[in-house]
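Note sheet for the following structure.
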Amino acid sequence: MTAPVDQASRLDIVERYRARTPRSAELFERATRVLPGGSTRTTVFTEPYPPYVAWGAGKTVTDVDGNAYIDFLGNYTSLIVGHAHPDIVAAVEARIRLGSAFAAPTELEIGLAEEISRRLPSIERVRFTNSGTEATMFALRLARAQTGRDVIAQFAGAYHGTHDMAMTGTPGVPDALGELVVDLPFNDMAGVERALAGREGEVAAIIVEPIQGVAGMIPATPGFLRELREYTSRHGMLLVFDEVIAFRVGPGGAQGMFGVSPDLTTLGKIIGGGYPVGAFGGRAELMDRIDARRPGALVHGGTFNGNPITMTAGLAVLRLMTGDEFDRLASLGARLRDGLAEGLAAAGLDARVTGIASLFHVHLGRAADSASIAIGRSGAGDRAALAAVAAAKARAHRFHLSLLVAGYLTAPRGMGALMTPMSEADVDGFVAAALEAAGDALES
Ligand code: PMP
């Protein structure tokens with residue numbers, strides 16, 4: 001599986017990838033006629049085209065050309081027990097025969113809500129959505145309704161989904177909205193205070209990923225989160241933890257790990273057991289602004305909210321994810337990050353590895369700003385910055401393609417996550433392939 005990357009392949013990794021994936025190439029060509037850029041999701045496109053998946057089982061995904069990949073991405077961190085886990089398949093199969101979705105609640109949504117509330121004591125009440133995007137959109141709207149303030153503060157390079165407040169500065173989002181969003185420096189409390197000085201009374205909420213995901217898998221320091229907690233309380237702002245990714249770091253999510261309690265939390269990814277999901281929750285007094293029995297309640301519709309398949313799969317996955325399983329994943333993650341960091345240093349390669357628990361990101365070239373090569377708000381201004389971003393993108397692309405050819409799936413930007421079917425041998429195999437790929441990407 002970990003085919004060595006020889007000298008010739010360094011020259012033509014794109015050709016090697018093409019040679020292995022003719023059927024994907026055909027499908028992509030067909031897709032470009034009906035889907036813009038051949039794609040329906042910005043984050044899964046990769047040059048020259050992505051591998052089209054036929055099926056997944058456990059830690060492995062197989063593409064339409066029959067190539068198997070060990071999946072170190074897990075649908076961007078949302079699969080934590082692997083593909084088609086037998087318990088989840090059994091639960092979903094049983095449920096699917098009972099009807100798909102109804103204009104009425106089911107008992108299932110109560111069960112998943114109770115389980116989430118049990119794991120995250122800051123969540124007394126929760127609402128389900130169909131994506132993390134909807135979760136942050138509603139959490140921020142709720143924060144504005146609660147405080148009567150309009151400004152949202154978030155961290156530079158953060159990703160909170162694709163609704164307008166989360167994508168200011170990008171085409172199609174009114175400039176006027178940009179005036180309501182303030183960018184803050186991450187892990188820098190003095191910088192936060194400076195950025196908001198004089199405007200504290202306008203800010204409804206600070207939204208923060210306790211582990212910045214798209215920006216390069218950078219954990220907050222516990223001290224920083226504690227300072228944010230104190231600062232937001234002092235100024236009447238709400239503190240929102242976006243744990244769409246970060247919840248997978250432990251049984252109590254990042255808030256449990258760091259010991260800091262937010263006012264509102266947004267969730268997604270793993271809580272749907274592989275199916276479309278999002279959720280936002282917090283203290284009863286806050287969340288009950290959505291209580292339809294109250295006059296002037298916030299409207300939170302959604303044809304597929306709390307859909308029975310997602311609720312069933314979500315509950316099944318949380319039952320599987322015991323404290324021991326989180327611990328095992330975290331130690332595999334440490335093995336991966338330590339192995340890579342040691343190998344990169346031994347080879348004298350200009351790269352570093354970030355992450356925590358089951359999450360990692362390989363940054364190639366210290367000068368590279370991983371945040372700006374990710375999708376979303378670029379902020380890149382001058383030509384030198386743009387050139388640096390282009391070079392970093394090219395390195396990340398070669399790294400990604402080399403790993404694909406070696407039989408490993410990661411995010412095109414160098415990010416990945418572990419799933420419970422993986423073993424130490426899988427991690428060691430990945431480390432060896434990633435070191436080869438990094439050497440290739442940095443030399444070319
Ligand atoms: N918040 C964070 C921290 C995320 O990483 C993501 C997705 N990667 C989102 C929100 C949006 O979630 P979704 O893609 O389900 O809309």
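The values are calculated or read from the model by the stated rules, or taken from the named source; none is laboratory data. Note that the structure is a prediction, hence the values are computed from the model and not measured. Cβ atoms come from the backbone with ideal geometry, glycine included; neighbour counts cover every protein chain shown. These accessible areas exclude ligands, DNA and RNA; they are computed on the full protein's heavy atoms, side chains included. Shrake-Rupley method; radii C 1.70, N 1.55, O 1.52, S 1.80 Å.
If you line up the long axis of helix 107-119 against the longest principal axis of the chain, both from Cα atoms, how many degrees apart are they, to the nearest 10? The angle comes out near 80 degrees. Converting phi to 3J(HN,Hα) with the Karplus coefficients 6.51, -1.76 and 1.60 and the offset θ = phi - 60°, the stretch 77-91 yields 6, 8, 9, 10, 10, x, 7, 6, 4, x, 5, 6, 4, 4, 5 Hz in sequence order, with x at every glycine or proline.
Sites listed here are GluC sites (Glu not before Pro) in the stretch 281-358 whose DSSP assignment is loop and whose Cβ has at most 13 other Cβ atoms within 10 Å, and the list is empty. Near Pro121, once Lys and Arg are set to +1 and Asp and Glu to -1 for all other residues with Cβ below 14 Å from its Cβ, the sum equals -1. To the nearest ten degrees, helix 383-406 and the longest principal axis of the Cα atoms of the chain are 70 degrees apart. From helices alone, the chain scores -13000 deg cm²/dmol at 222 nm; the rule is -39500 (n - 2.57) for each run of n ≥ 4 DSSP H residues, then divide by the residue total. Note on Glu342 and Asn187: with the Förster distance fixed at 35 Å, the Cβ-Cβ geometry gives a FRET efficiency of about 0.90. Dividing the mean sequence gap of close Cα pairs (under 8 Å, 6+ apart) by how many residues the chain holds gives a relative contact order of 22 percent. Remark: the stretch 437-444, residue by residue, has Karplus-estimated 3J(HN,Hα) of 5, 5, x, 4, 5, 7, 7, 7 Hz, where x stands for each Gly or Pro and the curve is 6.51 cos²θ - 1.76 cosθ + 1.60 at θ = phi - 60°.
In the stretch 295-329, whose amide N lies under 16 Å from the spot 7 Å out along Cα-to-Cβ of Glu107? List them in ranges. Those under the cut-off are 308-309, 311-313, 315-316.
Based on Cα contacts under 8 Å between residues 6+ apart, the stretch 143-202 shows a relative contact order of 35 percent. Could you work out the local net charge near Val151, counting Lys and Arg as +1, Asp and Glu as -1, over the other residues with Cβ closer than 13 Å to its Cβ? Counting the neighbours of Val151, the net charge comes to -2. Put simply, when 252-264, 170-182 are sorted by average Cβ atoms within 10 angstrom per residue, most first, you get 252-264, 170-182. Rounded to the nearest Hz, the phi-derived 3J(HN,Hα) couplings of the stretch 282-296 under the Karplus curve 6.51 cos²θ - 1.76 cosθ + 1.60 (θ = phi - 60°) are x, 4, 4, 4, 6, 5, 6, 5, 9, 4, 5, 7, 8, x, x, where x marks glycine and proline. Leaving ligands, DNA and RNA out of it, report the carbon-plus-sulfur percent of the accessible area of the stretch 75-231 at a 1.4 Å probe. The value for the stretch 75-231 is 53 percent carbon and sulfur by accessible area.
Neighbours of Leu98, meaning other residues whose beta-carbon lies under 15 angstrom from its beta-carbon, give a summed charge of -1 when Lys and Arg score +1 and Asp and Glu score -1.
Once the Cα atoms are used to define both axes, helix 132-147 deviates from the longest principal axis of the chain by about 30 degrees.
Counted without the sites themselves, the longest stretch of the chain free of trypsin sites (Lys or Arg not before Pro) in a DSSP loop having at most 15 other beta carbon atoms within 10 Å is 98-198.
Rolling a 1.4 Å probe over the protein heavy atoms gives the chain an accessible area of 42 Å² per residue.
For Ala156, the residues whose modelled amide H falls within less than 5 Å of its own, excluding neighbours fewer than 5 places apart on the same chain, are Leu184, Phe186.
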